[in-house]
1. What is the spin-label model distance, in nm, from E72 to D232 if the labels are put 7 Å beyond Cα along the C-beta direction?
2. Can you give me the % of accessible surface on region 99-159 that is carbon or sulfur? Probe 1.4 Å, all protein chains present, nothing else counted.
3. Using the heavy atoms of the protein chains and a 1.4 angstrom probe, tell me the accessible area per residue for region 86-161 in square angstrom.
4. Summarise the accessible area of region 171-244 (1.4 Å probe, protein heavy atoms) by the percent that is carbon and sulfur.
5. Spelling out what I want: for every residue of region 225-235, take phi, set θ = phi - 60°, compute 6.51 cos²θ - 1.76 cosθ + 1.60 (Karplus), and round to whole Hz; glycine and proline get x.
6. What residues qualify as long-range amide H neighbours of A214, i.e. H under 5 Å apart, gap of 5 or more or another chain, H built at 1.01 Å from N?
7. Is there a quick way to get the dipole size of region 60-125? I mean about its Cα centre, with the Cβ of Lys and Arg at +1 and of Asp and Glu at -1; what is the value in debye to the nearest 20?
8. Going by amide H atoms built from the backbone, whose H comes under 5 Å of the H on R187, apart from near neighbours?
Amino acid sequence: MSSDRHFSRRSFLSLSALTAASALTGCASSANTVTSGDTSIIYRSPMRLFQSPGSSSVPSGPELAVMYGPVEDGGFLIPAVPYEEIDPRYYRQRVVDPTGQPPGTIVVDTPSRFLYLVQADGMAMRYGVGIGREGFAWQGSGVIQWRQKWPRWKPPNEMVARQPELVKYSIERGGMEPGLTNPLGARALYIFSNGEDTLYRLHGNPDWRSIGKAVSSGCVRLLNQDIIDLYDRVPTKAPIVVWQ
């Protein structure tokens, strides 16, 4: 077992390592069209989803301190998030559901940088996300085929070809061990379409600065505290729709 698998003050203070890890991406590019079966593309209308005044309840300071405080999980100490430096719209919160999707569906509103988990009472849990850079974004519908706590990161061969410095984390070499510097963070939810792995994930994020931005190679990244919350709410085989 490697040293970063242990709960330690050193792990808690390794912020510089977290920042460095944010430069590593977790996914690969893919075609922008998917057809047939459960993978038909769903295109956005020109209108952006937005929340009207009073449609959401922003957590209070004490609530945020608990939601985004340090978390001991799986032998790791996840550092507290400096939530005061994040746009409040990206805080985890319950909102009136704007998606029109069935309860239990995950909806990623890419332009707005929001992820919704639709609930049965006309509400939804909303999370702020970071999304893929232009040219690497995936869109469509599928299912959460697999879920993993503290996953290994195995960049696809196409990514390694673009970024040769990642060869040490290649599939052939077993990927990067789980840990605080792993680009997939504390949890990963794997998106499949038509029974095939899309190579796109919903995953944790070691760099809070990326929330609300387009920085990864296609995957949808959440704060580690938020992906843990989402993971506990979403079962395997949950439907997912990603809007562009």
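1. Rounded to a tenth, the inter-label distance reads 1.6 nm.
2. On the way: 1060 of 2180 Å².
Of all accessible area on region 99-159, carbon and sulfur atoms account for 48 percent.
3. Values: 2880 Å² over 76 residues.
Value for region 86-161: 38 Å² per residue.
4. Working: 1180 of 2360 Å².
Percent of accessible area from carbon and sulfur atoms in region 171-244: 50.
5. Couplings: 5, 6, 5, 5, 4, 5, 4, 6, 9, 10, x Hz.
6. The answer is I131.
7. Numbers: 4 positive and 9 negative charges, 35 e Å.
Its charge dipole is roughly 160 debye.
8. Here W150, G204 satisfy the definition.
The values are calculated or read from the model by the stated rules, or taken from the named source; none is laboratory data. Bear in mind the structure is a predicted one, so any value in this text is a computation, not a measurement. When we count neighbours, we look across all protein chains shown, and the Cβ atoms used for this are built from the backbone with ideal geometry, even at glycine. To get the accessible areas, we keep the full protein, side chains included, count just its heavy atoms, and leave off ligands, DNA and RNA. Shrake-Rupley method; radii C 1.70, N 1.55, O 1.52, S 1.80 Å.
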